[in-house]
2 protein chains.
Amino acid sequence: MESVLRKYRGKGFKLTPQRIAILKFLDGNTSHPTAEDIYTEIKKKYPTVSFATVYNTVQALRDRGELLEITIDPQRKHFDPNPSAHHHIMCTGCGRIADVFTDYSKALTLPEEVTSEFHVTGNHVDFYGVCSDCRKKTN
Amino acid sequence: MESVLRKYRGKGFKLTPQRIAILKFLDGNTSHPTAEDIYTEIKKKYPTVSFATVYNTVQALRDRGELLEITIDPQRKHFDPNPSAHHHIMCTGCGRIADVFTDYSKALTLPEEVTSEFHVTGNHVDFYGVCSDCRKKTN
DNA sequence: TCCTATCTTGGAATAATTCTATTATATAGT
DNA sequence: ACTATATAATAGAATTATTCCAAGATAGGA
């Protein structure tokens, strides 16, 4: 828990109580929360917290490379506190997002017509499917 | 042009003037327009067209498998009238989206821990980069 | 301890999308 | 061609997600 905070000390990143709560909530969290998920959680301990604080904090973390913005869900953004290169799969039934740790970098070669026009800086591989819980329900 | 409309006749899909305009705008269009792009275009010929019509129509097309919703842009949805499996690259400078027609299906194998939980139904491979125009400008 | 840059907050603003009630019309059936 | 009706179009309100803003609060360096 202290280790969560250590890397943010100094460097003009103020460790306010709200931010500490957000950092602790995100630490090791693999649930891919939305801004609202974070807001709801932090509100339990800090009832006056605002969405602005949540968005400010995730943006600060993103700028520092500590957080990824996930685009797999067409409806809203999700966040992932694991900034290392990996991918995702979303259940089209319940919306749950899980991690996919396979490294596809070797496989994702681009044709010359694309690489000649774009300097490629990154990629997302998103999978869609139906999880076992949802298969039981809807059949 | 007639061929664009042929496949929509019958089957409870009403070919209204607004829809025909949308279908013609989308036919062969590789610009990956947003709802607003479509709205702005159709408004030229039908000044009273509403966003509801645009959204209703793209949803009807999506339901019929004639249109894909693109999630590569975190800010807004884009649409692609080419429903065959392919992928995209977006310029992080100007937001332009281009098609990537490489077939990665063979390469995108998932670990057993994922396939045992999810019945996989689809995937998106999104690339990010900087296009040649934007390299000239910002650099 | 004090100063100040930075943060938090509430609420307003913006933007994207969906919904609703009403009016209009494309098309199937005659 | 005519009519009935299911479906669509429209305006505008509602919803949802996100950003902005001004004022007061505070973390952390000096």
* Structure fact -> Classified through the alpha carbon gyration tensor (a ≥ b ≥ c as square roots of its eigenvalues; rounded if a/c is under 1.5, else prolate when a/b is larger than b/c, else oblate), region A:29-139 comes out oblate
* For A:HIS88, distant residues with modelled amide H under 5 Å away -> A:VAL100, A:VAL125, A:PHE127
* For B:LYS106, inter-copy label distances in nm, listed shortest first [label point 7 Å out on the Cα-Cβ vector] -> 1.5
* Asked: Simple spin-label model, 7 Å along Cα-to-Cβ: A:THR48 to A:LYS77 in nm?
  -> 2.6
* **Residue-wise HN-Hα coupling along region B:79-86, computed from phi with Karplus coefficients 6.51, -1.76, 1.60 (Hz; x: Gly, Pro)** => 10, 9, x, 9, x, 6, 4, 7
* Roll a 1.4 Å probe over the protein heavy atoms and report the accessible area of B:GLU113 in Å², nearest 10. => 130
* Solvent-accessible area buried by B and A, counting both chains, probe 1.4 angstrom, square angstrom -> 3200
* **17 Å Cα-Cα reach of A:LYS77 towards aspartates and glutamates, excluding residues that sit fewer than 8 places from it in its own chain** => A:GLU36, A:ASP37, A:GLU41, A:ASP63, A:GLU66, A:GLU69, A:ASP99, A:ASP126, B:GLU69, B:ASP73, B:ASP126
* Structure fact -> HN-Hα couplings for region B:114-119 via Karplus (6.51, -1.76, 1.60; θ = phi - 60°), in whole Hz with x for Gly/Pro, come out as 8, 5, 6, 9, 10, 8
* To do: For region B:11-79 and region A:111-139, compute the distance between their C-alpha centroids and round to whole Å.
  => 23
* To do: Once every Cα of region A:1-70 carries one equal point scatterer and solvent is ignored, give the base-10 log of I(q)/I(0) from the Debye formula at q = 0.19, 0.20 Å⁻¹, two decimals.
  => -0.73, -0.82
* Structure fact -> Inter-chain shielding metric for B:103-110, i.e. average beta-carbon neighbours from other chains within 10 angstrom, reads 4
* To do: Please work out the average accessible area per residue across chain B, using the 1.4 Å probe convention, and give it in Å².
  => 56
* Using a probe of 1.4 angstrom, how much of the accessible area of the protein assembly as shown is carbon and sulfur, in percent? -> 50
* Structure fact -> DSSP beta bridges in chain A: the antiparallel percent, rounded to 5, is 65
* Could you give, in nm with one decimal, how far B:LYS137 is from each other copy of that position, shortest first, with labels 7 Å out from Cα toward Cβ? -> 4.4
* Asked: Which lysines have a Cα less than 21 Å from the Cα of B:LYS45, not counting those fewer than 8 places away in the same chain?
  -> B:LYS14, B:LYS24
* Structure fact -> Whole-number value, in Å³ per residue, for the convex hull of the alpha carbons of the protein assembly as shown is 196
* To do: State, to one decimal in nm and shortest first, how far the label point of A:ARG9 sits from each corresponding label point in the other identical copies (label point: 7 angstrom along Cα-to-Cβ).
  => 7.6
* Asked: Ordered by residue, what ³J(HN,Hα) values in Hz, to whole numbers, does region B:13-23 give under the Karplus form 6.51 cos²θ - 1.76 cosθ + 1.60, where θ = phi - 60° and Gly and Pro are x?
  -> 9, 6, 8, 7, x, 5, 5, 4, 4, 5, 4
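The values are calculated or read from the model by the stated rules, or taken from the named source; none is laboratory data. Just so it is clear, the model here is predicted, and its values are computed rather than measured. Positions of Cβ are generated from backbone atoms using ideal geometry, with glycine treated the same way; all protein chains shown enter the neighbour counts. What goes into the accessible areas is simple: the full protein's heavy atoms, side chains included, and nothing from ligands, DNA or RNA. Shrake-Rupley method; radii C 1.70, N 1.55, O 1.52, S 1.80 Å.
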